[in-house]
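J.: Take this structure, written in structure tokens, and hold onto it; I'll ask about it next.
Every number in this text was worked out from the coordinates using simple rules, so none of it is lab data. The structure presented is a predicted model; accordingly, all values stated were derived computationally and were not measured. Using ideal geometry, Cβ is built from the backbone for each residue, glycine included, and neighbour counts are taken over all protein chains shown.
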Amino acid sequence: MKNMMRGVALLGALALAACGDDNALPITPTSPPPPITNWSGTYSNSQLWLVAFERASDGWRSSYTCPGNLTISQGAQSGSSAPITGFAVVSQPCPPGTFEFTGTVNADGSMAFTTDGPRPLGCPERRTNYAGLFTGRQLSARGSTSIECSGVTVGTHRFDYVITAFRNN
């Protein structure tokens, strides 16, 4: 009888050991991040850039718009974002120019990128960080920077850029 009791006790102990810790968290499988829409293409607008600027020395402000387009290429998704690269083109009546850009886009359509934009004479190029959103066929983004200008527009100026563009089909 004593050996049988030891056998039952041993089997009970083995059964409890096999159950594991009741306080351990269950293993939850991870799900892959949602797929990111491919936003590659050309986006344009007759008022692609709204450029507002203010001269720090006297508070003089002005703004103007420039037509142009953005050509975007999107790379492979890595985690919850994908790289975007391309270039922006400024058209007349603004001084024509081309600016490369690089950034990322997320599954919800939010994006961040770095590029330059149109400038008045006497203000040098300066890469600016933009944040924005893709929605439907529209791209909207905003960036802000300060630049030291010379000539007619001498002094430090703050530039605020608003980009609004629509995807060409």
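J.: For a Förster distance of 41 Å, can you work out the FRET efficiency between the beta-carbons of residue 146 and residue 169, rounded to the nearest 0.05?
T.: E(calc), rounded to 0.05, equals 0.60.
J.: Per-residue counts of other Cβ atoms within 10 Å, averaged by peptide: what ranking do you get for 38-49, 53-64, highest first?
T.: 38-49, 53-64
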